[in-house]
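A short worksheet on the structure shown next.
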Amino acid sequence: MRNKFKLFLLVATAGAINPVIAVPVVPNFTQGSMTTHTETTSTVKETINSMDYNTGYQFSVTGNGITTTDNLSPTTTSSNVTIDGVTSTWTGVGSTPTFTQTTPGAAFQYTETMQGPGLSNHTIIQRETTVTSVTDTTSIFQQ
């Protein structure tokens, strides 16, 4: 009885399996065209951070109706500092020349500028650039 049941299942399932058959696809047109339109947009945000440093001193004097008998270069002075066994030497400006009026009571002009080491200019530029690219393509074909 068991063998007959197995044979019945084998025959029943064999009849349920259908073969798969591929059908070829043949285009039935003679000519045509295809058009595509593509748009791409990209945005770049950037920050440019620029810092200018002076590594020494800048000293300048200008004017008229003034005079000096001193050397025009300022003198320098040095200091030694020792921290945890490490000695560093700092050099700075000691004294600047002394100027007097050529003719006391007369008109004169005098400008003195001194700029020490450190940050002298800090520029920040923030900009956003957007680029859009458009591509249109047309393909024409025939059989």
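The values are calculated or read from the model by the stated rules, or taken from the named source; none is laboratory data. As the structure is a prediction and not an experimental result, all values here were calculated from the model. When we count neighbours, we look across all protein chains shown, and the Cβ atoms used for this are built from the backbone with ideal geometry, even at glycine.
Observations, loosely collected:
- Some residue of segment 118-134 being within 42 Å of the chain's Cα centre (by Cα), free of Cβ contacts under 8 Å to residues at least 60 places away in the same chain and more than 30 Å from Ser42 (Cα to Cα): no
- Of the residues in segment 93-102, at least one is of a type outside the set (A, V, I, L, M, F, W, C), over 37 Å from the mean Cα position of the chain (by Cα) and assigned to a strand (DSSP E or B).
- For segment 38-79, taking the residues that are assigned to a loop (DSSP other than H, G, I, E, B) and not β-branched (Val, Ile, Thr), the one that is modelled with the highest pLDDT is identified as Gly65.
- Of all the residues in segment 103-143, those that are hydroxyl-bearing (Ser, Thr, Tyr), in a strand (DSSP E or B), farther than 30 Å from Ser50 by Cα and in contact with a Gly (Cβ under 8 Å, 6 or more places away or on another chain) number 1.
- Close pairs (6 angstrom Cβ cut-off, 6 or more residues apart or separate chains): modelled with pLDDT of 65 or more in segment 10-37, part of a helix (DSSP H, G or I) and surrounded by 10 or more Cβ atoms within 10 Å (Cβ to Cβ) anywhere: none
- Flag if Ile66 is of a type in the set (A, V, I, L, M, F, W, C) and in contact with a strand residue (DSSP E or B) (Cβ under 6 Å, 6 or more places away or on another chain): yes
- Restricting attention to segment 44-91, the residues being more than 31 Å from the chain's Cα centre (by Cα), within 26 Å of Gly118 (Cβ to Cβ), surrounded by fewer than 10 Cβ atoms within 10 Å (Cβ to Cβ) and of a type outside the set (Ser, Thr, Tyr) number 7.
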